[in-house]
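S.K.: Have a look at this one before I ask anything.
Each reported figure results from applying straightforward, stated rules to the coordinates on display, with no laboratory input. Predicted, not measured: the structure shown is a model, and the values here were computed from it. FYI the Cβ positions are ideal-geometry reconstructions off the backbone, even for glycines, and counts take in every protein chain you see.
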Amino acid sequence: MLKRQNVKGSDQVKVTFIIPNDPSQGKVSVVGDFNDWQEGATTLVKRSNDTRSASVVLDPGRHQFRYCTEDGVWFDDAEADAYEPNEVGGHNCIVEV
């Protein structure tokens, strides 16, 4: 799930990435063009409502992302705005702000 909130006094948007908590996945991070695809740079934190989430502030535009477990398993957000092919034969999720 993607949650958006305008940043007051700015054209930027705070995007919160939310996934169900699955302890078998270990640590999960959201990686994308906004953090140079650095695994572990934006780790999702377990919440009391049995989800995990992390927020980033993004400039307006179209941003690519995916989720990655600490074991190197990549997966998508079923509620992404769109999907685009990537250079490794798969696809990336898109969030538009």
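S.K.: Among the aspartates and glutamates, which fall within straight-line cross-link reach of LYS27, defined as a Cα-Cα distance under 20 Å, with same-chain neighbours fewer than 8 residues apart omitted?
M.R.: Hits, sequence-local ones excluded: ASP36, GLU39, ASP50, GLU70, ASP71, ASP76, ASP77.
S.K.: Search the structure for amide H atoms under 5 Å from the amide H of ALA54, placed 1.01 Å from N in the peptide plane, and list their residues when 5 or more places away or on another chain.
M.R.: Counting only residues 5 or more places away or on other chains, the set is PHE17, VAL45.
S.K.: Further question on the same structure: Using amide H atoms built 1.01 Å from N in the peptide plane, name the residues 5+ places from VAL28, or on other chains, whose amide H lies under 5 Å from its own.
M.R.: For VAL28, the qualifying residues are LEU44.
S.K.: Of the labelled options (i) 1.14; (ii) 1.04; (iii) 1.36, which one gives Cα Rg over 2.2 N^0.38 Å as computed for this structure?
M.R.: So the structure-derived entry is (ii).
S.K.: Another one. By how many nm would the segment from TRP74 to THR16 lengthen if fully extended, with 0.36 nm per residue of separation less the alpha-carbon distance? Mind showing how you got there, number by number?
M.R.: Working: separation 58, 0.36 × 58 = 20.88 nm, distance 1.84 nm.
Gain in length upon complete extension: 19.0 nm.
S.K.: Between GLN38 and ASN86, what is the label-point separation in nm under the 7 Å Cα-to-beta-carbon projection?
M.R.: Taking the two extended label points, one gets 1.7 nm.
S.K.: Which whole-Hz ³J(HN,Hα) couplings does region 80-97 yield from phi under the Karplus relation 6.51 cos²θ - 1.76 cosθ + 1.60, θ = phi - 60°, glycine and proline marked x?
M.R.: Result, rounded to whole Hz: 4, 5, 6, 9, 10, x, 10, 7, 10, x, x, 8, 10, 7, 10, 10, 10, 10.
S.K.: Out of residues 5 or more away from GLN12 or on other chains, whose amide H comes under 5 Å of its own, with H placed 1.01 Å from N in the peptide plane?
M.R.: VAL7
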